[in-house]
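Remarks on the structure that follows.
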Amino acid sequence: MGARRVAAAACALFLGAGAVAWWQLGDPAPYALRESPAVTVTVRAAASDHPDAAEVAEETDLLIRASVQRLAAGDAAGLADLGAPWFTGRREAAEALVAEYRDVADQPVAATVADPVVPHLASVDLRFTGGERQRLYLSRADGVWWLELGEGDPVAP
C-alpha cells in the first residue's frame with residue numbers, strides 16, 4: 001500500500017509540474033482569436049537575409065490574425081484592446097480602421113511581416129482580396145506584441 005501512495009504522489013507531482021511548465025511556457029499574449037467570425041489570413045515573412053524575419057512573423061501571427069478578425073467583425077473595442085496599452089487614443093484609431101477596412105477584412109488576407117530593422121518593432125503589410133492595402137505597426141513589450149494604435153512611443157512602454 002505504501003508503494004502505491006508514493007507512486008500516486010509522484011504522479012501528482014509530475015502532473016502538477018507539467019501543468020505549471022505549460023502555463024509558464026504558453027503564449028504570453030493577453031488576447032486570442034475568437035470563435036467567429038472565421039478569417040483567412042496568410043502570414044509570412046518578407047524576403048530577408050536575417051533569420052529574425054521568420055521568427056518575428058511567427059511571433060506576430062496571432063496578433064495579425066486577431067486584428068483582421070476584429071476588423072471583419074466591426075469590433076472597434078476589441079481591436080483597441082489589441083493596441084499597445086501605453087498608447088493613447090486607441091479606441092478612436094480602431095474605429096477609423098474598422099470604418100475603412102471592415103467590408104474587405106472578411107475575404108482572404110495576405111500579411112507580409114517586413115524585415116525587422118529595430119528589435120521589438122515590426123511592420124506588416126496587409127493585402128486584402130479586393131486590392132486594398134493596410135500597413136500595421138507593431139511594438140513588443142514583456143514578450144507580447146501589440147498594435148500601435150493612437151499616439152505613443154513604440155519603444156517606451
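The values are calculated or read from the model by the stated rules, or taken from the named source; none is laboratory data. Since the model is a prediction, treat every value here as computed from it, not as a measurement. Don't worry about glycine lacking a Cβ; one is built from the backbone with ideal geometry, like all the others, and counts go over all protein chains shown. SASA here: full protein model, heavy atoms, side chains in, ligands and nucleic acids out. Shrake-Rupley method; radii C 1.70, N 1.55, O 1.52, S 1.80 Å.
Can you find a residue in region 67-86 that is under 21 Å from Ala38 (Cβ atoms), among the basic types (Lys, Arg) and open to solvent by less than 60 Å² (accessible area, probe 1.4 Å)? Scanning region 67-86, I find at least one residue that is under 21 Å from Ala38 (Cβ atoms), among the basic types (Lys, Arg) and open to solvent by less than 60 Å² (accessible area, probe 1.4 Å), so the answer is yes. For Arg44, the requirement of being modelled with pLDDT of 85 or more, closer than 20 Å to Leu149 by Cβ and open to solvent by 60 Å² or more (accessible area, probe 1.4 Å) is not met. From the set of residues in region 108-117 that are at pLDDT 95 or above and open to solvent by 40 Å² or more (accessible area, probe 1.4 Å), which is farthest from the chain's Cα centre (by Cα)? Among those residues, the one meeting the criterion is Pro108. Within region 118-144, residues that are open to solvent by 50 Å² or more (accessible area, probe 1.4 Å) reach partners that are among the polar types (S, T, N, Q) with beta carbons closer than 7 Å, at six or more positions or on different chains, in the pairs His120/Ser139; Asp125/Thr112; Thr129/Gln107; Gly130/Gln107; Arg135/Ser123; Tyr137/Ser123.
Among the residues making up region 60-84, those that are closer than 15 Å to Thr112 by Cβ and of a type outside the set (A, V, I, L, M) are Thr60, Asp61, Arg65, Ser67. Here Arg135 passes the criteria (1) in contact with a helix residue (DSSP H, G or I) (Cβ under 7 Å, 6 or more places away or on another chain); (2) basic (Lys, Arg); (3) closer than 15 Å to Leu147 by Cα except the one numbered (1). Just one of (1) open to solvent by less than 30 Å² (accessible area, probe 1.4 Å); (2) assigned to a helix (DSSP H, G or I); (3) among the hydrophobic types (A, V, I, L, M, F, W, C) fails for Ala105. It is (2).
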